[in-house]
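We did not get these values from a lab; they are worked out from the coordinates using the rules stated. From a predicted model like this one, the values you see are computed outputs, not experimental measurements. Note: ideal-geometry Cβ built from the backbone for every residue, glycine included; neighbour counts use all protein chains shown.
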Amino acid sequence: MSSSVENRPQDTRHRKGQGPDMRRILYRETHSSRAAVATAAAILVMVLAAYGVLEAGVHAVGQPAWLIEPQVAAQRIVDLPAGMPSLLLAAIGAVLAMLGLIFLLNGILPGRRARHRLLGAEGEGLPAVVVDDEVIASSLARRARLAANVTPEQVMVVVSQRTVLVNVRPTSGVPVNQDVVLAAVREELDHMMLDPDPEVQVNVTSSGVIGA
């Protein structure tokens, strides 16, 4: 669990010049990098291109193909699905479709990290703060535990980009007011001033646990 802090310049003229850089830093801290996927795609293309050049060079000097003649490979692709078991063809198609879907989703989805930005720091002229969702979940779990009057093991909080899910297991014979827990968690979130501001859902299980 960690948080990232970047200091803002105090001078107005300097701050205006550094504004775009600060926005870029905050974006990098809250969004995952696509460098790994781009590198994998580049390596795959380079390997295929190198293999094609190798086979073309071997064919040009009249030597036998390293794996398969380019003309034979092209003809087999044209003749598909003839000459290949349907099960194998379906498996290859599924793998290629999955790889294509992975690259497509990495290209169009925002790829956010499990972090939120605190708007309060920016509005008060303080350093920009980015906090891990695990830290936020720990703070909200403590507030929900106090509101429900239960032990830490009876509260579980899951924080996502747009939703905070609070699960409470009450102690047997001691009812938990769901609205009180919801109000407490919502108040804690209002103090944090997260961006984006998530919605809160509180679930109180019907089965309780035996108190110590």
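The figures follow:
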| quantity | calculated |
| --- | --- |
| Sorted peptide list for 46-58, 182-194, criterion being average Cβ within 10 angstrom, highest first | 182-194, 46-58 |
| Calculated P(r) tail over 17 Å for the stretch 115-204, as whole % of Cα pairs | 45 percent |
| Test item: Cα-centred dipole of the stretch 115-204, Lys/Arg +1 and Asp/Glu -1 on Cβ, debye | 320 debye |
| Within the stretch 130-204, percent of DSSP bridges classed antiparallel, to nearest 5 | 45 percent |
| Alpha carbon convex hull of the stretch 35-108, volume per residue in cubic angstrom | 109 Å³ |
| Computed lengthening from Val37 to Leu165, 0.36 nm per intervening residue step minus Cα-Cα distance | 43.0 nm |
